[in-house]
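Since the structure comes first, as structure tokens, the remarks are kept for the end.
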Amino acid sequence: MNESRRKFLRTSACGLTGAAMIGSLDRLNLVHAMVQQQSQVATDYKALVCIFLFGGSDCNNMVIPYDDYNITGGYGAVRGVSQLAVPQSALANTKITPSNAGGVAYALHPNLSPEANNIGTAKGFLDVWNAGKLAVLCNVGPLIQPITRAQYAAGTGHPYQLFSHSDQVAQQQTAVSKTTGQTGWGGRISDLTGGLNGGVVLPMNISVAGTSLFATGVTSRQLAIGTGTLASVLSLGWSGPASANPFTAGSSYRQLLGFDRDSFLIKTASDTTNQALTADAVLNQPDPPIPTPPNTTVFPTTSLGNQLKQVAKLIKIKDTLGMKRQIFFCSLGGFDTHTNETGTNPTSPNGGAANSGTQGGLMTQLSQAMRAFHDEMEAQGRSNDVTQFTLSDFGRTLQPSGTGAGSVGSDHAWGSHSFIMGGAVLGGRFYGQLRPDNTGLPYGYPTLALGGPDDTDNRGRWIPTTSVDQYAATLANWYGLDPADVPAVFPNLTKFSPQNLGFLG
């Protein structure tokens with residue numbers, strides 16, 4: 001490089017500033033860029049959208065036995081007196097019969113499809129379930145190995161700091177259950193699939209809910225954004241001479257980016273800067289209109305609704321940004337319902353003691369936001385390419401904590417249920433596994449009985465029959481993770497079978 005070029009870079013190029021540019025240069029360090037260019041760029045598009053339910057959502061009130069509601073010692077018997085149970089009469093309109101359940105009916109919490117009981121209310125899950133685009137993964141959680149009730153009682157296979165919020169959140173997001181994980185499984189997927197995007201300025205992992213452990217990789221980095229206009233995502237500025245302004249076509253700065261391209265490192269740096277300028281121009285246009293015609297579903301103006309709307313906007317401009325693979329992280333909090341979980345009106349879409357309680361209100365937010373996003377992806381023609389899925393700290397005890405609608409709650413437990421939604425989902429059915437001793441239901445729904453075969457003790461804390469590793473690996477396989485790279489992302493997966501749960505086609 002000649003002296004005049006060095007001087008120009010020192011006095012002018014450093015004038016291109018902006019927090020996002022600085023961050024992207026750190027994320028797209030040259031060594032990583034060299035590695036990424038060795039991979040084959042994808043010709044299709046796929047995205048994963050993680051929705052984390054912070055606090056530990058009560059799975060027992062999310063997916064409820066309908067035909068077996070009043071079985072001896074079961075759901076109604078344990079939760080009915082305390083009024084923690086959702087009354088069976090409130091479940092008739094959200095009844096579902098999984099195609100693999102032998103005709104046995106279950107029911108979604110009323111507010112997972114609030115329109116079923118409240119005409120004119122924005123829709124939730126039921127239509128998507130009936131269309132075969134929503135699946136339930138039963139009794140999933142962090143595991144070191146498959147274990148039975150007897151093995152648990154003997155002290156075998158306990159995950160690190162079981163029942164602790166912070167530790168179980170970490171294990172859900174890292175798929176590391178023996179100790180404290182330092183990277184998330186979303187981040188590790190990004191480490192090994194980043195080349196599918198080729199040379200792009202935005203990271204593969206984007207969080208709309210603050211910096212997350214889930215999206216933290218070893219070599220890749222995440223971008224944390226808010227829910228405002230897209231112009232705030234990448235804000236570049238210029239403080240050098242006007243003749244060198246990089247935002248002006250033909251400026252000396254722009255010309256400089258075309259020099260010395262036979263040097264790989266200089267070419268990589270120039271390409272990164274060009275990509276940043278292109279992305280800045282795209283993101284600083286007016287936000288793309290959402291919803292996309294002919295879709296008329298309006299995103300709810302809730303925390304999760306705003307997050308998923310932001311994700312939808314980024315997906316809508318993905319071609320201009322050059323993105324082929326993206327992983328998004330969103331969240332909804334408030335699920336730590338030791339008290340005030342239910343209310344006196346379980347079919348009300350609103351939360352609060354006089355309505356459907358804390359969890360009821362959160363179920364409305366979750367279902368309406370996920371449904372709005374699903375409808376938007378269909379309108380964009382991307383339903384088959386984008387999969388939403390839920391995670392949570394843990395489930396909650398079948399045994400109530402306290403008594404009385406508007407005050408009763410539940411305590412920390414273990415295994416829980418997850419929702420997977422999208423055009424590629426083989427839905428309308430439950431997924432899961434038998435217990436390690438080959439007993440139980442083949443789709444993993446636990447026996448709701450205190451001290452029963454799925455309980456750790458006598459409070460209704462379900463021992464998971466499916467691991468987070470299996471859940472995450474199934475999503476990663478669909479996303480495009482090379483089978484040869486699976487052990488690096490999920491080192492404990494070999495303890496479990498099957499390694500692909502089959503809920504994505």
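Can you sort V233, V218 by 1.4 Å-probe accessible area, starting with the largest? Mind showing how you got there, number by number?
Values: V233 15, V218 95 Å².
These residues rank, largest area first, as V218, V233.
In nm, to one decimal, how far is the F259 label point from the H165 one, both placed 7 Å along Cα→Cβ?
5.6 nm
Tell me the net charge near N384. Cut-off is 12 Å between Cβ atoms, N384 excluded, with +1 for each Lys or Arg and -1 for each Asp or Glu.
0
Sorting K95, K46, K313 by accessible area (1.4 Å probe), largest first, what list results?
Ranked from most to least accessible, the order is K95, K46, K313.
Grab the Cα-Cα distance for T339 and A92, subtract it from 0.36 nm times how many residues apart they are, and report the gain in nm with one decimal.
Length gained, T339 through A92: 86.3 nm.
Probe of 1.4 angstrom, ligands and nucleic acids ignored: what's the accessible area per residue over segment 132-205, in square angstrom?
I get 31 Å² per residue for segment 132-205.
May I ask for the distance between the Cα centers of segment 368-398 and segment 304-343, given as a whole number of Å?
Answer, in whole Å: 9.
If ligands, DNA and RNA are left out, what is the accessible area of K123 with a 1.4 Å probe, given in Å² to the nearest 10?
100 Å²
Full extension from V81 to T180: what is 0.36 nm times the residue separation minus their Cα-Cα distance, to one decimal in nm?
31.7 nm
Summarise the accessible area of segment 286-329 (1.4 Å probe, protein heavy atoms) by the percent that is carbon and sulfur. Write out the running numbers ahead of the final one.
Values: 1000 of 1730 Å².
Whole-percent figure for carbon plus sulfur exposure: 58.
Out of the total accessible area of segment 373-443 (probe 1.4 Å, heavy atoms of protein only), what percent is carbon and sulfur?
For segment 373-443, the apolar C and S fraction of the accessible surface comes to 45 percent.
Rounded if a/c is under 1.5, else prolate if a/b beats b/c, else oblate: with a ≥ b ≥ c from the C-alpha gyration tensor eigenvalues square-rooted, which is segment 44-111?
Oblate, because a/c is 1.5 or more while a/b does not exceed b/c.
For a quick check: with amide H placed at 1.01 Å from N, whose amide H comes under 5 Å from T466's, ignoring anything fewer than 5 positions away on the same chain?
Under 5 Å from the amide H of T466 lie the amide H atoms of G141, each far enough along the sequence or on another chain.
For segment 65-145, which whole percent of the accessible surface, found with a 1.4 angstrom probe, sits on carbon and sulfur atoms?
That fraction is 49 percent.
What residues from segment 132-158 fall in the zone where the backbone N is under 18 Å from a label point 7 Å along the Cα-to-C-beta line of I71?
Those under the cut-off are 137-140, 149.
The values are calculated or read from the model by the stated rules, or taken from the named source; none is laboratory data. All of these numbers come straight from a predicted model, not from anything done at the bench. Don't worry about glycine lacking a Cβ; one is built from the backbone with ideal geometry, like all the others, and counts go over all protein chains shown. Just the protein is used for accessible areas: all its heavy atoms, side chains included, with ligands, DNA and RNA removed. Shrake-Rupley method; radii C 1.70, N 1.55, O 1.52, S 1.80 Å.
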